[in-house]
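Inspection log for the structure reproduced underneath, given as structure tokens.
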There are 2 protein chains.
Amino acid sequence: MSGAALLDRVRVVLCDTTHPGNIGAAARALKTMGLERLYLVAPRYFPDPEADARASNARDLLESAQVCTSLAQALDGTVFAAALTARSRELGQPTLAPREAAPLLLAEAAAGDVALVFGRESSGLTREQVNLCQRIVHIPTNPDYSSLNLAAAVQIMTYELRMAAGIGTLPAPEVHEPASFEEVEAFHLHLEQVMRETGFLDPRKPRRLTQRMRRLFTRARLEKEEVSLLRGLLKAMQAQRETAPAAGVGRATVD
Amino acid sequence: MSGAALLDRVRVVLCDTTHPGNIGAAARALKTMGLERLYLVAPRYFPDPEADARASNARDLLESAQVCTSLAQALDGTVFAAALTARSRELGQPTLAPREAAPLLLAEAAAGDVALVFGRESSGLTREQVNLCQRIVHIPTNPDYSSLNLAAAVQIMTYELRMAAGIGTLPAPEVHEPASFEEVEAFHLHLEQVMRETGFLDPRKPRRLTQRMRRLFTRARLEKEEVSLLRGLLKAMQAQRETAPAAGVGRATVD
């Protein structure tokens, strides 16, 4: 099963949400990470213009959201559920960090629908709600201020799910052809030549400066185009020097 | 240097923010993850009641926020900066995923202040702003909907920083003393005895059912208290049976 197909089996269940803005922001969080299935258990206000506003272009997820009267109803048909809670565990289910919970959820999703369950903003999930879930997930926070916003918690978990699904890839980089070994060597010879011509290179210890220059440009991993640019600059400097030699060029000091 | 001390060196820089609510939500995101240093480059509205409201109890971070007129000013005194952008790289800095960028930022923080730089909500960072940073960070998103909210992006990055700092620990679990080997074995013998007495155990193939029961309780890793509870239940069943033997108890079928 593909990572995207597994994400399709994840229900994000928000219980007893009091602020409709959080429902909208959660919908947006789901959609940015490629999830689609939002379940709302007894939301105080829904639908609501505030939810629509915060959902931005993820309003389709609000329209397809399942509104339930109880968590049991939202979990109907699932094979696995994990409860988000900020409190230390009370009832003995194993407690997982988000990075452990995400791959576990996707592994369980191979067998059917799974759920991530979030509680009310002010008070979190009730003991009875947590008891309907097989695992507890705890997002690590600052012990002096653990007041994670509901939609922010949803964003972290859906981000971890996308990473666990193996589809958290970076955009293809623009193609920059690397310079070949010979091109880089020719550039270094050219640079050394210019440094000699200008008197910048101390003839008593020429290697110190050239080594430093090599170190810099090796680290940068020159591209073909960059070598052309740099050699063009060196040529321009040589041409200028031929027409009007500069006086009083300082000597390099490398320590 | 401790993880918390490294987090203290991370500046979160929000450039050209148009919605003050996002500034407040970003402050809250920082504080939940143990970061404190918010820099605001040319915010459209700040201070603002909307920022205060969304900051919840992280308002102290808004009060200590540095308001700057340019990104260069916000980066003054830093040794390293990473730019968040949703676009593919344009200018050749290496592009990192959040999980790669977070440990790198903390490693660089050993040498001094570092910065995570976020652009305007609608348009992101300008080319000139990106050029002031050594690395680009790209948060993987759904290619069909990559519209991550600014504060949500800040939350993901600060979460990754906390994880990278090695202080993303789970709360100490309540102490549940595990049952000893002998206690578990005594329970299994007791259970088998009850299963025989009730006729639930098929005497022709007794091992099938006992193996199944062993598998279940081994997986659950019984605690001392749970063994006591279970044996209490078995005793109660035995006592009831002695006073009023149940008729017609079905035999177990295990396939």
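Would you point out the residue of the range A:92-122, among those that are free of Cβ contacts under 8 Å to residues at least 40 places away in the same chain and assigned to a loop (DSSP other than H, G, I, E, B), that is farthest from A:Asp16 (Cα to Cα)? Write out each step before concluding.
Taking the range A:92-122 as the starting set, the residues that turn out to be free of Cβ contacts under 8 Å to residues at least 40 places away in the same chain are A:92, A:100, A:104, A:107-108, A:111.
Narrowing further to those that are assigned to a loop (DSSP other than H, G, I, E, B): A:92, A:111.
Details: A:Gly92: 24, A:Ala111: 28 Å.
Only one residue tops the list, namely A:Ala111.
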What pairs come up if the first residue lies in the range B:222-251 and is under 19 Å from B:Ala179 (Cα atoms) and at pLDDT 65 or above, the second is loosely packed, with under 10 Cβ neighbours inside 10 Å and not small (Gly, Ala, Ser), and their beta carbons are under 9 Å apart, counting only those six or more places apart or on different chains? B:Glu223/B:Glu177; B:Lys224/B:Glu177; B:Glu225/B:Glu177
Leading residue by the ranking (surrounded by the most Cβ atoms within 10 Å (Cβ to Cβ)) among those in the range B:131-151 that are in a loop (DSSP other than H, G, I, E, B) and more than 9 Å from chain A (Cβ to nearest Cβ): B:Cys133
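Out of B:Arg89, B:Arg44, B:Arg28, B:Arg11, which single residue is buried (at least 17 other Cβ atoms within 10 Å of the Cβ), modelled with pLDDT of 95 or more, among the basic types (Lys, Arg) and over 13 Å from B:Met157 (Cβ atoms)? If you could, list the steps in order and put the result at the bottom.
Numbers: B:Arg89 fails: modelled with pLDDT of 95 or more; B:Arg44 fails: buried (at least 17 other Cβ atoms within 10 Å of the Cβ); B:Arg11 fails: over 13 Å from B:Met157 (Cβ atoms).
The unique qualifying residue is B:Arg28.
Among what's in the range B:27-39 and is in contact with a strand residue (DSSP E or B) (Cβ under 8 Å, 6 or more places away or on another chain) and at the interface with chain A (Cβ under 10 Å from one of its Cβ atoms), pick the residue that is nearest to A:Ser146 (Cα to Cα).
Initial filter on the range B:27-39 (in contact with a strand residue (DSSP E or B) (Cβ under 8 Å, 6 or more places away or on another chain)): B:27, B:30-35, B:37-39.
Those still in the list that are at the interface with chain A (Cβ under 10 Å from one of its Cβ atoms) too: B:30-35.
On the way: B:Leu30: 11, B:Lys31: 8, B:Thr32: 5, B:Met33: 8, B:Gly34: 9, B:Leu35: 12 Å.
So the residue we want is B:Thr32.
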Scan of the range A:40-58 for residues that are farther than 14 Å from A:Arg120 by Cα and away from chain B (no Cβ under 11 Å), ordered by number: A:Phe46, A:Pro47, A:Asp48, A:Pro49, A:Glu50, A:Ala51, A:Asp52
Could you list, in sequence order, the residues of the range B:59-102 that are out of contact with any Pro (no Cβ under 9 Å at 6 or more places or on another chain), more than 8 Å from every other protein chain (Cβ to nearest Cβ) and charged (D, E, K, R)? B:Arg59, B:Asp60, B:Asp76, B:Glu100
Which ones in the range B:185-223 are in contact with a strand residue (DSSP E or B) (Cβ under 9 Å, 6 or more places away or on another chain) and surrounded by 14 or more Cβ atoms within 10 Å (Cβ to Cβ)? B:Leu222, B:Glu223
Kindly indicate whether A:Ala111 is in contact with a strand residue (DSSP E or B) (Cβ under 7 Å, 6 or more places away or on another chain), over 21 Å from A:Tyr159 (Cα atoms) and among the hydrophobic types (A, V, I, L, M, F, W, C). yes
For the range B:152-208, give me each residue that is part of a helix (DSSP H, G or I), within 14 Å of another protein chain (Cβ to nearest Cβ) and of a type in the set (Asp, Glu). B:Glu160
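Let's see how each residue does on (1) assigned to a loop (DSSP other than H, G, I, E, B); (2) closer than 17 Å to B:Glu160 by Cα; (3) free of Cβ contacts under 8 Å to residues at least 60 places away in the same chain:
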| site | (1), (2), (3) |
| --- | --- |
| B:Ala5 | no, yes, yes |
| B:Val13 | no, yes, no |
| B:Leu30 | no, yes, no |
| B:Gly34 | yes, yes, no |
| B:Tyr39 | no, no, no |
| B:Pro43 | yes, no, yes |
| B:Pro47 | yes, no, yes |
| B:Glu50 | no, no, yes |
| B:Ser56 | no, no, yes |
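Select, from B:Ala101, B:Ala109, B:Ala115, the only residue that is surrounded by 17 or more Cβ atoms within 10 Å (Cβ to Cβ) and in contact with a Ser or Thr (Cβ under 8 Å, 6 or more places away or on another chain). Give the derivation first.
Working: B:Ala101 fails: in contact with a Ser or Thr (Cβ under 8 Å, 6 or more places away or on another chain); B:Ala109 fails: in contact with a Ser or Thr (Cβ under 8 Å, 6 or more places away or on another chain).
Every option except B:Ala115 fails the conditions.
The values are calculated or read from the model by the stated rules, or taken from the named source; none is laboratory data. This structure is a prediction, so every number in the text was calculated from the model and none was measured. As a convention, Cβ positions derive from the backbone with ideal geometry for all residues, glycine included, and neighbour counts pool all protein chains shown.
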